[in-house]
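**Student:** There's a structure below that I have some questions on.
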Amino acid sequence: MSSGIPDITLNDGRTIPQLGFGVFQVPPAETRAAVETAIEIGYRHIDTAQMYRNEQGVGEAVAASGLDRSEFFLTSKLNNGYHLPEDARKAFDRTLEALGSDYVDLFLIHWPLPTLYNGDFVQTWKTLEEFYRSGRARSIGVSNFTPHQLRRLRAETEIRPAVNQIEVHPFFTNEETRTYNSENEIATEAYSPIAQGEVLTDPAIEAIAREVGKSPAQVVLRWHIQRGDIIFPKSKTKARVEENAAIFDFELDEPSMATINSLDKGEKGRTGANPDTMAWIPEN
Ligand code: NDP
């Protein structure tokens, strides 16, 4: 890409830009404008979800860009109330309609919900396999899956997830799941890459930022890029959206990478829900 964003090749042969734009907590009425700004800056990979209720704004921004649909990489995710196959099929149709496209580049199971649906996320995955086989989801993957859940999918289904989108940032490096992913050729997508802002005032990160002449956010995003993970920081602020993309003209040395790795706080560092207990179904 002209903006210098590298592509990552997935286990199904498709490619995904390593940096994208996330729209969690962008209000539906503001999403079109936010995504239009990101597109102007050079982002082509957008991460949305049925749960965010802003897929339509993403679709409108893509349509208004005047660029070909094939220039974009759009991800969406199945909402928690729709895990039964027939519900998932209808919800997937609504996603394509909202995006204004006859396909989505990547479709994920948002949460495994092991305490709901009799713990049967396998039937949900088999439904995503249908979407993949029909070509309406070019790639399929999961989000918030732990190694034991991925092992079960591996044993009971045919298609391996292309990605596992999980919380990863310097305070919660999530190494066990990242390692399982990489050993099984599943790309790691690191969500909340700056821990929703929490890591930016860490003194070690501030010191590295001063040393390399970049902002703390750029340092942390660069750390993810050098670890090989896919990221899509979210911001409603144009200057920050620009800043977050300007991370391909510098490199962190090994000691800086090791310092950031060492900030991991384990479970205490997690900002989002724990996938083993998450059981929230949003109201319609
Ligand atoms: P992020 O780690 O991307 O942080 C977003 C917050 O950081 C916002 O408050 C934003 O403020 C602020 N921010 C962004 N850039 C900068 C900057 N350069 N300097 C200072 N502050 C900054 O959190 P998210 O949780 O949004 O994660 C990113 C994406 O990951 C989501 O949008 C979503 O696509 C995905 N995600 C997926 C989940 C899942 O379960 N699969 C769960 C959570 C996220 P402001 O907007 O005010 O500028």
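The values are calculated or read from the model by the stated rules, or taken from the named source; none is laboratory data. Keep in mind the model is a prediction, meaning the values are calculated, not measured. In this analysis, Cβ positions are derived from the backbone assuming ideal geometry, glycine residues included, and neighbour counts consider all displayed protein chains. Areas reflect the complete protein model, heavy atoms only, side chains present, ligands, DNA and RNA absent. Shrake-Rupley method; radii C 1.70, N 1.55, O 1.52, S 1.80 Å.
**Student:** So if I restrict to the alpha-carbon atoms in the chain, what is the Rg, and what is Dmax, the biggest pairwise distance, in Å?
**Tutor:** Using the Cα atoms of the chain, the pair Rg, Dmax is 18.0, 54 Å.
**Student:** Eight or more residues apart or on different chains, and alpha-carbon atoms under 25 Å: count the Lys pairs in the chain matching that.
**Tutor:** Value for the chain: 11.
**Student:** Also, I was wondering about something else. Carbon-plus-sulfur fraction of the accessible area of region 69-201, 1.4 Å probe, in percent?
**Tutor:** In region 69-201, the share of accessible area belonging to carbon and sulfur is 46 percent.
**Student:** What share of the DSSP beta bridges in the chain is antiparallel, in percent to the nearest 5?
**Tutor:** 15
**Student:** Counting DSSP beta bridges with both partners in region 126-262, what percentage is antiparallel, nearest 5?
**Tutor:** Once the DSSP bridges in region 126-262 are tallied, antiparallel ones form about 10 percent.
**Student:** Considering only protein heavy atoms, what per residue accessible area in square angstrom results for the chain with a 1.4 angstrom probe?
**Tutor:** Dividing the accessible area of the chain by its residue count gives 43 Å².
**Student:** Can you pull out the GluC sites (Glu not before Pro) in region 117-208 that DSSP calls coil and that have at most 14 other Cβ atoms within 10 Å?
**Tutor:** Glu158, Glu185
**Student:** Also, quick follow-up: Taking region 43-198, how much of its Cα-Cα pair set, in percent, is spaced more than 24 angstrom apart?
**Tutor:** Above the 24 Å cut-off, region 43-198 has 33 percent of its Cα pairs.
**Student:** Between Lys90 and Ala246, with labels modelled 7 Å along Cα→Cβ, what's the label distance in nm to one decimal, could you check?
**Tutor:** It is 4.8 nm.
**Student:** Name the residues whose placed amide hydrogens come within less than 5 Å of the amide hydrogen of Phe232, ignoring near sequence neighbours (fewer than 5 apart) on the same chain.
**Tutor:** Amide H neighbours of Phe232: Gly20.
**Student:** Okay, next question. Counting only helical runs of four or more DSSP H residues, what would the 222 nm mean residue ellipticity of the chain come to if each run contributes -39,500 (n - 2.57) and the total is spread over all its residues?
**Tutor:** Computed ellipticity for the chain at 222 nm equals -11500 deg cm²/dmol.
**Student:** What is the distance, in nm, between label points placed 7 Å from the Cα along the Cα-to-Cβ direction at Gln123 and at Asp7?
**Tutor:** 3.8
**Student:** Would you mind calculating the relative contact order of region 158-284 from Cα pairs under 8 angstrom and at least 6 residues apart, reporting the percent as a whole number?
**Tutor:** 29
**Student:** Let me ask you something else. Collect residues whose amide H, placed 1.01 Å from N in the peptide plane, falls under 5 Å from the amide H of Ile8; neighbours closer than 5 in sequence don't count.
**Tutor:** Counting only residues 5 or more places away or on other chains, the set is Ile16, Gln18.
**Student:** Over all Cα pairs of region 47-132, how is the pair count split among 10 Å bins, expressed in % and running from 0 up to the last occupied bin?
**Tutor:** 18, 50, 24, 7, 1
**Student:** Take the Cα atoms of region 95-173, find their three principal axes, and give me the spread along each one in whole Å, biggest first.
**Tutor:** Sorted from largest, the Cα extents of region 95-173 read 36, 32, 21 Å.
**Student:** Quote the relative contact order of region 182-235 in percent (integer), defining contacts as alpha-carbon pairs under 8 Å separated by 6+ residues.
**Tutor:** Relative contact order comes out at 46 percent.
**Student:** Okay, moving on. Please report, as a whole percent, how much of the solvent-accessible surface of region 1-66 comes from carbon and sulfur atoms (probe radius 1.4 Å).
**Tutor:** Taking all protein chains in place, region 1-66 shows 46 percent carbon and sulfur surface.
**Student:** Residues with amide H under 5 Å of Leu78's amide H, sequence separation 5 or more or different chain, H placed in the peptide plane at 1.01 Å from N; which?
**Tutor:** Leu108, Ile109, His110
**Student:** Follow-up question, since we're still on this one. What does the convex hull of the alpha-carbon atoms of region 181-284 project to on average, in nm²?
**Tutor:** 8.9
**Student:** In percent, what relative contact order does the chain have, based on Cα pairs under 8 Å that are 6 or more apart in sequence?
**Tutor:** Reported relative contact order: 19 percent.
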